[in-house]
Structure formats: C-alpha cells, structure tokens
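Single-structure report; data block below.
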Amino acid sequence: MEMIITTANKEGLLGSLPHDCRRNILSYICPTELYGSYAATSRLCHADSLDAQLPQTKFGEFHVTGRGETEINMESLLERISHASFLNAWQSPRSHMKIVSHERDGAVVTTKVDDLTFEEMQVQASSLSFGSITSLDLSVSHCKHGGELNRVLPRGITWLLSTMMPNLVELDLSNLHGGPIKECDSISELALFNATNCPNLSKVVWNNRIGGGYFLRGRDLKTLTNLRELWADNLLCDWRYDKLFAPLLSQFFDENSIIQRFFFFACNEKLERVSLLGGRYVKIGTNDAIEFPQMSLIRFVRNTPQLRWFRSDLAEENVRMLSEERPEITFVAS
C-alpha cells in the first residue's frame, strides 16, 4: 500500500530523532537549503533551522539591489536596512554578512545617478548599527576580462557598510579592482574601513586584486590601525590604473632605483601574517605582467618586524637564507 507523506508524518519521523542528532545532520546543509527548503517543511523544522548552535545561523546574504533593479538605489537601500524586520534578522548569533546582487555579467553595478547626497545618507545611516557582524564578504566572482569591465565598488556602498559595522574583524574584497582609479581620487575602499569606523578590523583578504601601484605603499592600510593579517594572492599592480603614482613603481621593483621601497612600508610594523603568492606588476610604458622580483619579496621580509607567517613565490635558496636571518617566520610556498 502506498504511504501518503503528510506534514504530520514528516514531523513525526523527524521528531523521533534526538535534537542533537538533527542538529549534527543539518550542519552539513547549505544555508539556502536550510532556510529555503527544510525550514518550510514544518514548525519543528523551522525551529530546528533557528538553532543558535548551527554554523549556518551565523551566515547571511544581503542584497544591495532590490527586485528588478539594475543599479544600486541608495534611498531604497537605506529604507530596506532601516526596516524592523531587517534589523531583527541581523542580530546575534548572525556574525557573517555576504553582499550579493552587486554584480551583473561580470561587472559591478553602479549607483543611481540622481541618488541621495552624502549629507542625506549620513542623516539616515547615523542610527543604524549591526554590532554582531564581525565578518563582511564583498567579493565577486573571478573575472578573466582584466580591465575591460567595471569592477570597482561604488563608494557609497563601502561607506555605508563601514559605518554600520563597528565590530568588524575580517573583510574580503577578492576579485574587485582597486582604487584610487583616477588621478584626482584620494579615497579608496580600504580607507573607508578605517579605525574610526571599524577599530577592530585585523584581517583583509583581497585576492586577485587589479589596480595601481599606490596600494603597495600601504597608505590606506595604515588607516586600519589593528591590521595583522593580509591576503593579496595574484595581486596585479598596473601603472595604467593610477598614472600619477606610476613612476613610483620602480622604487619597489628596480634594483637600480635611487629610492628603494619595500611593500606596504607605511603599515608594515604590525603585520604578522601575509600572503603574496602569484604577485605581478606591469612595468611603466608596457602591457606585460612580470612576476614580483625575488629581491622585492626579500626586502619586505627583512623590513617587517612582526612577521611570523609568509606565503609567496620565494625561491628555495632565498627561503633558506631568510630562515637563518628570521627563524621565527614560517615560510609557505603554496
């Protein structure tokens, strides 16, 4: 005889399992299936999905564009964020926010041209705070198009998010292009996540970053006074992104340069863990990407006093040499 499965049957079968057992099983389900499918099955399943000990309850996605919108409308976005249901949804134990819907066909969406002024946004955002959020993921999918597409986050978005998350510890900007993009542009993504807005920010992940050489100076990173860990694998420093600073690239990569600089010289004193695997640069006046020279990596290690872990493309003989000089550092090749 065919058995008809009803909601009552499902709840009875699931209810026969100990709660700890159900929780352990659910911990392997992705958040979308947990909240979108399992939680809708019954009241018991819904209660299970809200268990504070489930790892998925710490994660959540935040859509910065509304339904049907092809660009970010800051006025509409602030209205949604200010709603009581949104504020309740982003309370403890939820601590990790993943930004979505800010990418279209490989490019980052722009903000609406006739949107709110900065002063108007400041007034509306002054009362918003998401103190439980300690990890923010602004990354987008990996793009093979290089500099053909706009992959720079609108400054209004980075400003808004940085002001709302006073307890942020970790930030992921992977696969985004980096500013300043224009010669007159003095504000970058990282400068907005400064010690005033995010005093606890200690880890930045920016893998596959494409941008100018200004990033290597560490001026923006310096505003993150508690920065201890930096991941910048497959970093590409291209002089065409910030031509104002292009002549300074030789200070990092040319052994014959009168001025010799080391990576992140403005902020390196507190760095403890750094990954620079696959780093490349485009020499001024050319289009070819060249691997970071060994002497540039060596110079960074020798001038970063608190460094304890370093992943890079250092040759074996250079690792051996530096290990004798700095035995407290763990060198990783991949």
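Of all the residues that make up region 290-301, how many are of a type in the set (Lys, Arg) and open to solvent by less than 10 Å² (accessible area, probe 1.4 Å)? Reasoning before the result, please.
Initially, region 290-301 is screened for residues of a type in the set (Lys, Arg), giving 299.
Those left that are additionally open to solvent by less than 10 Å² (accessible area, probe 1.4 Å): none.
Result for region 290-301: 0.
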_Residues of region 95-120 satisfying the condition of being surrounded by 15 or more Cβ atoms within 10 Å (Cβ to Cβ) and either touching a helix residue (DSSP H, G or I) at 6+ places or on another chain (Cβ under 6 Å) or over 25 Å from ASP172 (Cα atoms) (or both)_ = SER95, HIS96, THR111, ASP115, LEU116
_Contact list please: Cβ distance under 7 Å, first residue in region 83-96 and under 16 Å from ASN167 (Cα atoms) and at pLDDT 80 or above, second residue part of a strand (DSSP E or B) and among the aromatic types (Phe, Trp, Tyr), pairs at least six apart or on different chains._
HIS96/PHE59
*Among the candidates ALA89, ALA107, residue that is within 16 Å of SER129 (Cβ to Cβ), of a type in the set (Gly, Ala, Ser) and out of contact with any strand residue (DSSP E or B) (no Cβ under 6 Å at 6 or more places or on another chain)*: ALA89
*May I ask you to list the residues in region 223-271 that are over 30 Å from GLU328 (Cα atoms) and among the acidic types (Asp, Glu)?*
ASP238, ASP242
*Give just the number: which of (1) modelled with pLDDT of 80 or more; (2) closer than 20 Å to GLU61 by Cβ; (3) surrounded by fewer than 19 Cβ atoms within 10 Å (Cβ to Cβ) does SER127 not satisfy?*
(2)
*Out of all the residues in region 268-289, which are over 23 Å from TRP309 (Cβ atoms) and open to solvent by 90 Å² or more (accessible area, probe 1.4 Å)?*
LYS283, ILE284, ASN287, ASP288
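Yes/no matrix, rows are residues, columns are (1) in contact (Cβ under 8 Å) with a residue 24 or more places away in the chain; (2) more than 22 Å from ASN175 (Cβ to Cβ); (3) open to solvent by 10 Å² or more (accessible area, probe 1.4 Å):
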{"residue": "ASP220", "(1), (2), (3)": "yes, no, yes"}
{"residue": "THR225", "(1), (2), (3)": "yes, yes, yes"}
{"residue": "ARG228", "(1), (2), (3)": "yes, yes, yes"}
{"residue": "TRP231", "(1), (2), (3)": "yes, no, yes"}
{"residue": "ASP242", "(1), (2), (3)": "yes, no, no"}
{"residue": "PHE245", "(1), (2), (3)": "yes, yes, yes"}
{"residue": "ASP254", "(1), (2), (3)": "no, yes, yes"}
{"residue": "ARG311", "(1), (2), (3)": "yes, no, yes"}
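Can you spot a residue in region 39-62 that is farther than 22 Å from ARG23 by Cα and either of a type in the set (Asp, Glu) or within 25 Å of the chain's Cα centre (by Cα) (or both)?
Restricting attention to region 39-62, the residues satisfying the condition of being farther than 22 Å from ARG23 by Cα are 62.
Narrowing the set further to residues that are either of a type in the set (Asp, Glu) or within 25 Å of the chain's Cα centre (by Cα) (or both) leaves 62.
Yes: one or more hits.
Give the residues of region 1-32 that are part of a helix (DSSP H, G or I), modelled with pLDDT under 70 and under 21 Å from MET97 (Cα atoms), sorted by residue number. Talk me through it step by step, then tell me what you get.
The initial filter retains those residues of region 1-32 that are part of a helix (DSSP H, G or I), namely 7-15, 19-26, 31-32.
Then drop every residue that is not modelled with pLDDT under 70, which leaves 7-15, 31-32.
PRO31, THR32 - these are the residues of region 1-32 that are part of a helix (DSSP H, G or I), modelled with pLDDT under 70 and under 21 Å from MET97 (Cα atoms).
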*Test PHE264 against the criterion of being closer than 26 Å to PRO199 by Cβ and either in contact (Cβ under 8 Å) with a residue 40 or more places away in the chain or touching a Pro at 6+ places or on another chain (Cβ under 6 Å) (or both), and give yes or no.*
yes
*Taking MET165 and the conditions (1) crowded, with 20+ Cβ neighbours inside 10 Å; (2) out of contact with any Gly (no Cβ under 9 Å at 6 or more places or on another chain); (3) modelled with pLDDT of 85 or more; (4) closer than 27 Å to VAL274 by Cβ, which numbered condition does it fall short on, given that it satisfies the others?*
(2)
*Name the pairs: first residue in region 320-334 and at negative phi, second residue surrounded by 11 or more Cβ atoms within 10 Å (Cβ to Cβ) and polar (S, T, N, Q), Cβ to Cβ under 7 Å, at least 6 apart or on different chains?*
PHE331/SER323
*asked:* Take the residues in region 130-151 that are open to solvent by less than 40 Å² (accessible area, probe 1.4 Å) and within 13 Å of the chain's Cα centre (by Cα); name whichever of them is modelled with the lowest pLDDT.
replied: VAL140
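The values are calculated or read from the model by the stated rules, or taken from the named source; none is laboratory data. Note that the structure is predicted; figures quoted are calculated from it, not measured. So basically every Cβ, Gly included, is an ideal-geometry build from the backbone, and we count neighbours across all protein chains shown. When the accessible area is computed, the model is the full protein with side chains, heavy atoms only, and any ligands, DNA or RNA have been set aside. Shrake-Rupley method; radii C 1.70, N 1.55, O 1.52, S 1.80 Å.
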